Amino acid sequence: MGLICLAVLLRKLKVLEESHGALFAKLVSQVTLPATIFVYLVEQPIPWEETQLAGIMFLAEVACLVLAWFVGRWFSLDRPRMGAFILTAGFGSSSLLGYALVAEIYPGQAQAIVDAVIISELGVGPALFTIGVVVAIYYGSRYGSRQVEAGERASAVLAFFRSPIFFALAGGLICSAIGLPKQNPVVASILDGLKVVAGANTLAVAMTVGLILRLNVLSAGVGLVAAVCAIKLVVKPLLVWLPLSLLDLPDLGKHILILEASMPSAMLGVVLSKRYGCDGGLAAKLAFATTIASAATMLLVAGLLI
C-alpha cells in the first residue's frame, strides 16, 4: 500500500504520468512476471497433487461470473456495463497483486510462490483469457451490431497461449521436470539475472496500480460498487474455502488459495473492457473500488478462514 501511495504521489508531483501506467503494466506482464514464474518453478519442485487447488479456483470463478450475470440483470445494466461488471466481479488480480502479496507474507518460502503460480496460471489465467475475452466480445458495443468473425474470436481467445506468461509457465514446468544443471556457470548466471528481474516485480506492480487508479469510484453507483465488492471479495473466498476441508493437502497451499481468491478485481478486466467495447470507465472504477476495499476484506478473510 505504501508503494502504491508513492506512485500516486509521484503522479501528483508530475514525476510520472498516468500514461506511464501502461508502460509499467506492459513491463509486468512481459518481463518481471514471466521472470518470477520461471525462476520459482525451476527452483522448486512442482506439487502436482495441488492442481486441485487450481480447479477449485476455476470453479469459483465460473460461479462468480454466473452470480454477476444475475446481479447485472437485476440492475438492468446495458450490454457494455454488463460486460464490465461481469469481468470485474469474476476475475481477480491473482498474479499482478497476488504474487507480490504472497512474496511479502511468506518471505523466502519458494513453495508459497509455486502454489500461487499454479493457482493463478492454471486456475485464473486460462479462464480469464478465454471466458473473459468471450464475455468482453459478447457484451462489447464494438461487436454489438455485427457478427464477429470466427478468426478474430479465435485469435483473441488464444492470446494467453502466445503471451510471455504462458511461455514462462511452460518453460518453467519443462525445466523443472527435466532438472536444469543449476550448478553450471552459464545456467547459474542466467538464473541470477532472472532473479534480479523478478525482484522488480513488486515495485512494477505498485507503480502500475498507483498510476492508473482514480478516486471517483462512487460515480459508478453505490449499488454496483457494493455488489462487485461483495461478489469478488467475500463470496469468492467463501466458495474456495468451503471444499478445502475435504482435501488432504498442505495447509500452506490452502492458505495461498484463500489469499488468491480474496484479491481485488484483475486490472486486465479493465483492459479487456476497453479493447472490446465494454464500459472501460466503469470497469476501472469497480476495479479501484475492490482494490481499496480489499485492504479491509483481506484481513477479515484471513482472520476468519485461515
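The values are calculated or read from the model by the stated rules, or taken from the named source; none is laboratory data. Since we're looking at a predicted model, the values are computed, not measured. Note: ideal-geometry Cβ built from the backbone for every residue, glycine included; neighbour counts use all protein chains shown.
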Go through (1) at positive phi; (2) charged (D, E, K, R); (3) in a helix (DSSP H, G or I) for Lys14 and report which single condition fails. (3)
So in the range 94-108, with the set limited to residues that are of a type in the set (Gly, Ala, Ser) and outside any loop (DSSP other than H, G, I, E, B), which one is farthest from Phe288 (Cα to Cα)? Ala103
Among the residues in the range 71-82, are any at pLDDT below 80, hydrophobic (A, V, I, L, M, F, W, C), out of contact with any strand residue (DSSP E or B) (no Cβ under 9 Å at 6 or more places or on another chain) and surrounded by fewer than 24 Cβ atoms within 10 Å (Cβ to Cβ)? no
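The rows are residues; the columns are (1) in a helix (DSSP H, G or I); (2) modelled with pLDDT of 85 or more; (3) farther than 24 Å from Ala35 by Cα; (4) within 16 Å of the chain's Cα centre (by Cα).
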residue: Cys229; (1), (2), (3), (4): yes, yes, yes, yes
residue: Val234; (1), (2), (3), (4): yes, yes, yes, no
residue: Leu252; (1), (2), (3), (4): yes, yes, no, no
residue: Met298; (1), (2), (3), (4): yes, yes, yes, yes
Right, Val133: modelled with pLDDT of 80 or more and either on the phi < 0 side of the Ramachandran plot or part of a loop (DSSP other than H, G, I, E, B) (or both) or not? no
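Listed here are the residues, each with its yes/no results for (1) assigned to a helix (DSSP H, G or I); (2) within 16 Å of the chain's Cα centre (by Cα); (3) among the aromatic types (Phe, Trp, Tyr).
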| position | (1), (2), (3) |
| --- | --- |
| Val225 | yes, no, no |
| Trp241 | yes, no, yes |
| Glu260 | yes, yes, no |
| Ser273 | yes, yes, no |
| Ala283 | yes, yes, no |
Looking at Ala22, Ala54, which one is at pLDDT below 80 and either aromatic (Phe, Trp, Tyr) or within 25 Å of Lys232 (Cα to Cα) (or both)? Ala22
Index of the failed condition, Met263 passing every other in (1) within 22 Å of Val133 (Cα to Cα); (2) modelled with pLDDT under 90: (2)
Would you confirm whether or not the range 257-270 contains a residue that is in contact (Cβ under 8 Å) with a residue 60 or more places away in the chain and surrounded by fewer than 20 Cβ atoms within 10 Å (Cβ to Cβ)? no
Is it true that Ala35 is closer than 16 Å to Lys232 by Cβ, touching a helix residue (DSSP H, G or I) at 6+ places or on another chain (Cβ under 7 Å) and either in contact (Cβ under 8 Å) with a residue 24 or more places away in the chain or outside any helix (DSSP H, G or I) (or both)? no
Checking the conditions here, which among Glu17, Glu49 is surrounded by fewer than 16 Cβ atoms within 10 Å (Cβ to Cβ), modelled with pLDDT of 85 or more and either over 17 Å from Val196 (Cα atoms) or not β-branched (Val, Ile, Thr) (or both)? Glu17
What number of residues within the range 181-211 satisfy the criterion of being within 27 Å of Glu104 (Cβ to Cβ) and part of a loop (DSSP other than H, G, I, E, B)? 2
Name the pairs whose Cβ atoms lie under 7 Å apart, with the first residue in the range 129-140 and buried (at least 23 other Cβ atoms within 10 Å of the Cβ) and among the hydroxyl-bearing types (Ser, Thr, Tyr), the second in a helix (DSSP H, G or I) and at pLDDT 80 or above, and 6 or more positions between them or separate chains? Tyr139/Arg79; Tyr139/Pro80; Tyr139/Met82; Tyr139/Gly83
